[in-house]
Amino acid sequence: MTAFIVGDFNACMNRSSLFGRELRSVCDDNGLILSDVQLLNNNSFTFLCEAHHTTSRLDHCISTPIGHQRINSMKVDYSLQSSDHFPLIFSVL
């Protein structure tokens, strides 16, 4: 099955956050892949906190193994910002 779940999970995977650990655990327990973690550069971010001048990757793409194999490209579009989040864009074959 090919499936993707994409959105704002408020889970930072680069730090030891509770939501990050829980999201990774859910993926591991269900045979799902955090595709953005595997495909994007470690310096990529999807959230900009102007008040604290910090960035985080809170938005994620979770996929089934077949879905992950079908991802052709993935990027964060830093030129398009309509909130404090930047969109995660990907294409599939």
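Kirkwood's formula applied to the C-alpha pairs of segment 14-91 gives a hydrodynamic radius of 13.4 angstrom. Ranked from largest to smallest solvent-accessible area, with a 1.4 Å probe on the protein heavy atoms, His60, His85 come out as His85, His60. Taking the longest Cα principal axis of the chain as reference, the axis of helix 18-29 is set at about 10 degrees. Computed with a 1.4 Å probe over protein heavy atoms only, the accessible surface of the chain comes to 62 Å² per residue.
Solvent-accessible area assigned to carbon and sulfur over the chain amounts to 53 percent, based on a 1.4 Å probe. Against the criterion of solvent-accessible heavy-atom surface with a 1.4 angstrom probe, Ile62, Ile33, Ile89, Ile5 sort, most first, into Ile5, Ile89, Ile33, Ile62.
Heavy-atom accessible surface of Val26, to the nearest 10 Å², is about 70 Å², with a 1.4 Å probe and all protein chains retained.
Largest accessible area first, the listed residues Thr55, Thr46 line up as Thr55, Thr46 when surface is computed with a 1.4 Å probe on the assembled protein chains.
The values are calculated or read from the model by the stated rules, or taken from the named source; none is laboratory data. Predicted model, so just to flag it, every value in this text is computed and none were measured. For the accessible areas, the whole protein counts, side chains as well, though only heavy atoms, and no ligand, DNA or RNA atoms are used. Shrake-Rupley method; radii C 1.70, N 1.55, O 1.52, S 1.80 Å.
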